[in-house]
1. With unit charges on the beta carbons (Lys and Arg positive, Asp and Glu negative) and the dipole taken about the Cα centre of the chain, which residue among Ala848, Ser136, Phe598 sits farthest to the positive side?
2. Of all the Cα-Cα pairs you can form in the range 704-810, what percent are over 24 Å apart?
3. For Lys186 and Arg781, FRET efficiency with R0 = 30 Å and r from the beta-carbon atoms, rounded to 0.05?
4. Over the range 238-306, what is the relative contact order in whole percent, taking alpha-carbon pairs under 8 Å and six or more residues apart?
5. For the range 451-514 and the range 281-306, what is the separation of their C-alpha centers, rounded to whole Å?
6. Kindly provide the pair-distance distribution of the chain built from C-alpha pairs, with 20 Å bins from 0 and whole-percent values in order of increasing distance.
7. Antiparallel DSSP bridges in the range 267-412: what percent, to the nearest 5?
8. If contacts are Cα pairs under 8 angstrom and at least 6 residues apart, what is the relative contact order of the chain in percent?
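Values in this text are rule-based calculations from the coordinates and carry no lab data. These numbers were taken from a predicted model, which means no experiment stands behind them. In this analysis, Cβ positions are derived from the backbone assuming ideal geometry, glycine residues included, and neighbour counts consider all displayed protein chains.
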Amino acid sequence: MKITYLFILTGLLFILSQCSVAHKSSSVDNIGETTGEGDSFFYEIPEDVIEVRPAAYQPSYTIINDLVHTQLKVSFDWKKMHLFGKAYITLKPHFYETDSLRLDAKGFDIHQVELVKTGGNLTLKYSYDSSSLYISLDKKYRREEQYTIYISYTAKPNELQVKGSAAINDARGLYFINADGKDPEKPRQLWTQGETESSSAWFPTIDKPNMKMTTELSMTVEDGFVTLSNGMMISSKSNGDGTHTDTWKMELPYAPYLVMMAAGPFTVVKDHFKELEVNYYLDKKYAPYAKKIFGNTPEMIDFFSKRLGVPYAWPKYSQVVVHDFVTGAMENVSATVFFDKMQQTSREMIDGNHEDIISHELFHQWFGDLITCESWSNLPLNESFATYGEYLWNEYKYGRDEADFGNNNDLNHYLYYSRSVNAPLIRYEYDDKEEVFDAISYQKGGRILHMLRKYVGDEAFFLSLKTYLESNRFGTAEVHQLRLAFEKVTGEDLNWFFDQWFLSPGHPILDIQYNYDSISKLVVVTLNQIQDAEDMVFRLPINVDIYENGTKTRREIVMNKRQQTFSFSCDTKPDLVNTDADKSLVCEKSDNKSDTSFAFQIEHAPLFMDRLEALQFFSDKSDNSFYSRVMLRGLNDTMWAIRTIAAQNIVLDNDLNGELKKKIISMASSDPKSHVRAAAIEQLGQWNDHNVEEVIENSLRDSSYLVISTALSALLELDSIKAFEAAQFLENDSSDEIISALGNIYSNLAGPDKNDFLLSQLNKDDVSYDLVSSYGIYLSRMIGNREVVQEALSTLYDIAQNDDRWYVRFAAINTLMNSFNAMAAQKETWKNQLMQTTKETEESQNLATNLEWITTEMSALDLKIESIKTSETDENLRRILKSQ
Ligand SMILES: [Zn+2]
């Protein structure tokens, strides 16, 4: 699963949770009602199948029965958002003989439970508590004996409430989108999301990651709908009643949480890698861009297969974009589901795409799908690898700088997160399985794998992965299996590495000091691990590059004490001593190099991080004699992110020959990367210099939305009238970037005639937090205009109550509250004006009518705000509202 991390919201919060879409929960009655026909009753549950309320330690699920095969026949009631299912589940005892079976089945109506027998099925006794189905088998089965259970049931995902899970609203398993077809902006669709244990919200199974089974799924849907599931479609039959039934079969075993289905009016764009079908399912509108969005997939499959030495295992690879998905994407076996932000036009893709998600999910087809983590405690065996898959693809396709850029973001993400959560990668202790989907399992884990690769070397690293994949394929693994594979290949006992990085929390905090003793001709590097005294001391193999007289020598050291000093002989004082030359350590550090060393580093050390560290060192030292040279070097870097950071941070105090200024101006129009042009334009906007106005204005015709919106904001600083005029020519652009920029300009400058335009933007799906906030400023200025206010309020009420995202609802509630305050101020003004009029005139009559109107409007608004606040269900938002 790829979690989408959200944005820094202006002045609000940095959200670090899986919250791309927070669905409102639907309330439910009647859950747990057993409507079994025939002998529905409760029997005493044998002790070995009672799920013990977990203590902090979370063991792997004890396997009593193994799933072998699941055959499902499903159809849907779109009005009630129910699924009718017939399940044929083949199982066998794992080792010990047993006469009972427990299945996960969440919030179903169970109609029939039978043992499939030639010559007539046998009705079985069962009990059902709305989450587990306990079945008494007809006899004791031995481990070589398979048996098949038939269950007919109704799943009611929208009426499901899952107890005790933070992801309560996102655990429905099956989602109907725009079921009643009332939303003109969305197609009608259904799709599923199994991870972690939500497949059992739409079919009975043993919903644990240490289960593997084959599947066959028949879906009956209306004509015109396209279906997708795991494996290959083996038949598609018309039923002659406006529906058809598609059957999908997956003959290789995989875990229940990776079972998927999707149906809707998708357009399918076909592609392939050699004989393998590689298809893209998306909205018709975006079909022309499908190859631009997903088109690198075949090359990616080829690259991963070769890099790992293990070919792609599944019979096809499809990728489907759905609406309102609960996370970024999900790596269901052979059929990955993506959120709708994947759908971009070519022009939108100039400013960035989501290819990292594509590589992440594809790498899961090996790590997660071919080998599955045995328990959620071992989730990094899925997620750290998928995150590292992003690195591998970027490194291969776009070069090491691009990959290291991502790696650095991951490290920062983890370090930020580690301020509030300190847990080992492999987490045997947790309260809720959803907790482990975090920056430790993903971002830190990816970095740990990178460090392991740098430690053992590329050849050993990839051979170890091949060994691990081949010895556990179609099975499950815990972290020790990974260690054993690395030990087998390298011959080294790696418990120290795995204990330290996989099984223990935290990271070292390093202080690095340098000295050169010209008498003894020694370079002295003093390393201190300054993390808290009670935290562990890390064993750190470190590369040190010494640059002296035009040559570079690499020294390898191992730090294993809290404080250590290393000396290297060196005839002359070196130009640079570069500690952690690979930049692979997972740590925080203060690297106390001199300005001369950092200035040398940006010119001569090879890595993205080398140049970034040097830029960061000089960014607040504009009075330093190296400053201009270093910044100019940054602006001329081959890597766009370095140029962007340089352009963003530059100050011109020390721009000796005006070279920096000249460079920034030329970058604003000529840099090939839109982020760099935007950063340069942002700089120009801060100079308060009308000589650069023309450059900014020309950028309003750029191909990139990011550049245009930045130019608009920059122009606003210099000449607001011009910015306002320019904005009006951009009203037909539907890009979020542009609309946000227009919102910003109109908030302070537009009159009542722009209300219709702003409302039309607010009424769109996926309205942004920024736009709602900007509109709040506009509305406060317009608060005396009856027509504007009346039209505005109903739209804001709708967003405040119904938007899927809590922070957007928050923006709308805030806007309403600010409007109330603005009304109160307006009321005072009118009151005073009325008091100053001595005799009855048309004006005084108007004032009296206005006062009456605003008083009524205010009390209605007050009531409405209270009712919106009371009916809010999201915990985050409730907390914020309470504290206000
Ligand atoms: Zn993932």
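1. After comparing all options, I get Ser136.
2. On the way: 1176 of 5671 pairs.
Roughly 21 percent, rounded to a whole number.
3. On the way: r = 33 Å, r/R0 = 1.11.
In this case the efficiency is close to 0.35.
4. Working: 46 pairs, mean separation 14.8, N = 69.
Reported as a whole number, the value is 21 percent.
5. Centre-to-centre (Cα) distance: 32 Å.
6. 13, 39, 34, 12, 1, 0
7. On the way: 9 of 19 bridges.
In the range 267-412, DSSP labels about 45 percent of beta bridges as antiparallel.
8. Details: 1663 pairs, mean separation 65.2, N = 884.
Normalised by residue count, the contact order of the chain is 7 percent.
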